[in-house]
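Asker: Here's a structure for you.
The values are calculated or read from the model by the stated rules, or taken from the named source; none is laboratory data. Fair warning: this is a prediction, and the values are worked out from it, not measured in the lab. Cβ coordinates were reconstructed from backbone atoms using ideal geometry, including for glycine residues, and neighbour counts include every protein chain displayed. Surface accessibility is based on the protein's heavy atoms, side chains included, excluding ligands, DNA and RNA. Shrake-Rupley method; radii C 1.70, N 1.55, O 1.52, S 1.80 Å.
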Amino acid sequence: MKTQVIKPRIREILSRELPPELVPLLPKHWVQIGDVLILPLRSELEPYKERIAEVYAQVIGAKAVLRKGHIHGETRKPDYELLYGNDTVTVHVENGVKYKLDAARVMFSPANVKERVRMAEVAKPGELVVDMFAGIGHLSLPMAVHKGARVIAIEKDPYTFRFLVENIWLNGVQDLMTPHNMDNRDFPAENIADRILMGYVVTTHEFIPKALSIAKDEAIIHYHNTVPEKLRPEEPFATFKRIAREHGYEAEKLKELVIKRYAPGVWHVVVDIRVYKR
């Protein structure tokens, strides 16, 4: 059902129940992950939040509605309030890949879809990819599903890891993907990866030395981080190059893409970097 059809229907129902001055404040945009909605809700709508969530769910066809909150902590946990329904585990299908997750407790950004699609395109059959921040397999599942890449997927959080394992089987790539429930800094192998995924933000630079130790000579690293607008385009590649040199590597910037706005004046970007041992 198209958004332009949904909005008038929701407005029509709730305009009969809400004070007139609140109707214009109803959310015009939302995020849908599988059959779970994530709804931004202004404080003025607080007294009516459960009813609003119920109407959105019924019109859109969702089994649960979460109120949009913030992402916290090292393992990027959502802080969302459940407004409607009781089951927030869902399967989100995108680009032929099935992602099972608990939308209330595991981060998944539909806004990053272009990068997930791109990862399926850049991967090569049979190459060894190490996903240092695997999550539920956001970036590495497309590589295995669409290109037959071999993947070592490392995820620290035990709850998220459960869904990573389920998704490997759900997508039938158990012969290609090997999951590890651990801190990637404790991963013992060195000099093995043709390609490395660093799908993290804010403090990703702290993990560059570990990525370099895992990388083969001439490996490609997809390095994600957040960067203030005023430091672009030099950053974040300048920091990566400096740290690489400190550890005996040269770095060549192949491509840089903006993923999305992270905060006012701050962007989430990804840089494709080829590394060479000196």
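Asker: Would you mind checking the radius of gyration and Dmax of the chain based on alpha-carbon positions, in Å?
Answerer: For the chain, the Cα-based Rg and Dmax read 20.7, 70 Å.
Asker: With charges only on Cβ, +1 for K and R and -1 for D and E, what is the dipole size of segment 118-226 about its Cα centre, in debye, rounded to 20? Let's see the in-between values first.
Answerer: Values: 10 positive and 14 negative charges, 35 e Å.
For this selection, approximately 160 debye.
Asker: Let me ask something additional. Given the pairs LYS63/LYS98; LYS68/LYS253; LYS216/LYS255, which are separated by over 26 angstrom at their Cα positions? Kindly include the intermediate steps, with their values, before the conclusion.
Answerer: Working: LYS63/LYS98 18 Å; LYS68/LYS253 36 Å; LYS216/LYS255 19 Å.
Distance filter (> 26 Å) returns LYS68/LYS253.
Asker: Please list 28-41, 109-122 highest first by mean number of surrounding beta-carbon atoms within 10 Å per residue. Spell out each step's value before the answer.
Answerer: Numbers: 28-41: 18.9, 109-122: 16.1.
The packing order, highest mean first, is 28-41, 109-122.
Asker: Same structure again: I'd like to compare 188-195, 148-155: which one has the highest average count of other Cβ atoms within 10 Å, and what's the full order after that? Write out the running numbers ahead of the final one.
Answerer: Values: 188-195: 15.2, 148-155: 23.2.
The peptides rank, most packed first, as 148-155, 188-195.
Asker: To continue, here is another question. When the chain is modelled as a GNM with alpha-carbon springs shorter than 10 Å, which of PHE240, PHE187, PHE161 fluctuates the most?
Answerer: Among PHE240, PHE187, PHE161, the largest GNM mean-square fluctuation belongs to PHE187.
Asker: Residues with beta-carbon under 15 Å from that of ARG67, excluding ARG67: net charge, scoring Lys, Arg +1 and Asp, Glu -1?
Answerer: Working: positive: ARG42, LYS49, ARG51, LYS68, ARG105; negative: GLU44, GLU46, GLU50, GLU54, ASP79, GLU81.
Net local charge, ARG67 excluded: -1.
Asker: To the nearest 0.05, what FRET efficiency results for ASN95 and LYS68 with a Förster distance of 30 Å applied to their C-beta separation? List each step's numbers first, then the result.
Answerer: Numbers: r = 24 Å, r/R0 = 0.80.
Rounded to the nearest 0.05, the efficiency is 0.80.
Asker: Spelling out what I want: for every residue of segment 27-33, take phi, set θ = phi - 60°, compute 6.51 cos²θ - 1.76 cosθ + 1.60 (Karplus), and round to whole Hz; glycine and proline get x.
Answerer: Result, rounded to whole Hz: x, 8, 9, 8, 10, 10, 10.
Asker: If you count only protein heavy atoms and use a 1.4 Å probe, how large is the accessible surface of THR226, to the nearest 10 Å²?
Answerer: We get 30 Å² for THR226.
Asker: Could you check what % of the DSSP bridge pairs in the chain are antiparallel, to the nearest 5?
Answerer: Around 65 percent antiparallel, to the nearest 5.
Asker: Here's something else I'd like to know. Provide the per residue accessible area, probe 1.4 Å, for the chain, rounded to a whole number of square angstrom. All intermediate terms of the calculation are to be shown ahead of the outcome.
Answerer: Values: 13090 Å² over 278 residues.
With the other protein chains kept in place, the chain gives 47 Å² per residue.
Asker: Treating only the Cβ of Lys, Arg, Asp and Glu as charged (+1, +1, -1, -1), what charge dipole size does segment 166-278 show about its Cα centre? Round to the nearest 20 debye.
Answerer: Working: 16 positive and 17 negative charges, 87 e Å.
In debye, rounded to 20, segment 166-278 gives about 420.
Asker: Between ALA189 and GLU246, what is the FRET efficiency for a Förster distance of 25 Å, r being their Cβ-Cβ separation, to the nearest 0.05? Could the numbers behind the result be given before it?
Answerer: Working: r = 22 Å, r/R0 = 0.87.
Computed FRET efficiency for ALA189 and GLU246: 0.70.
Asker: What FRET efficiency comes out for ASN86 versus GLU44 if R0 is 25 angstrom and r is the Cβ-Cβ distance? Round to the nearest 0.05.
Answerer: On the way: r = 26 Å, r/R0 = 1.06.
With a Förster radius of 25 Å, E is 0.40.
Asker: Would you mind calculating the gained length between GLU234 and VAL122 on full extension (0.36 nm times residue separation, minus the Cα-Cα distance), in nm to one decimal? Mind dumping the intermediate values first?
Answerer: Details: separation 112, 0.36 × 112 = 40.32 nm, distance 2.40 nm.
Taking GLU234 through VAL122 to full extension adds about 37.9 nm, to one decimal.
Asker: Let me have the relative contact order for the chain, percent, based on Cα pairs under 8 Å that are six or more residues apart. If you can, show how the numbers build up before the last one.
Answerer: On the way: 549 pairs, mean separation 30.1, N = 278.
Value for the chain: 11 percent.
Asker: Next question, about the same structure. Provide the packing ranking of 126-135, 202-211, i.e. peptides ordered by the mean count of other C-beta atoms within 10 Å per residue, highest first. Write out the running numbers ahead of the final one.
Answerer: On the way: 126-135: 23.7, 202-211: 17.4.
In descending order of packing, they fall as 126-135, 202-211.
Asker: For labels at ARG11 and ALA111 in the simple 7 Å Cα→Cβ model, what's the distance in nm?
Answerer: A separation of 2.4 nm, rounded to one decimal place.
Asker: Expressed in whole Å with the largest first, what are the equivalent ellipsoid semi-axes of segment 160-276 derived from the C-alpha gyration tensor as the square root of 5 times each eigenvalue?
Answerer: Details: eigenvalues 130, 75, 30 Å².
Sorted largest first and rounded, they come to 26, 19, 12 Å.
Asker: Also: What share of all Cα pairs of segment 51-150, in percent, falls into each consecutive 5 Å distance bin?
Answerer: The percentages, shortest bin first, are 2, 12, 19, 20, 17, 13, 9, 5, 2, 1, 0.
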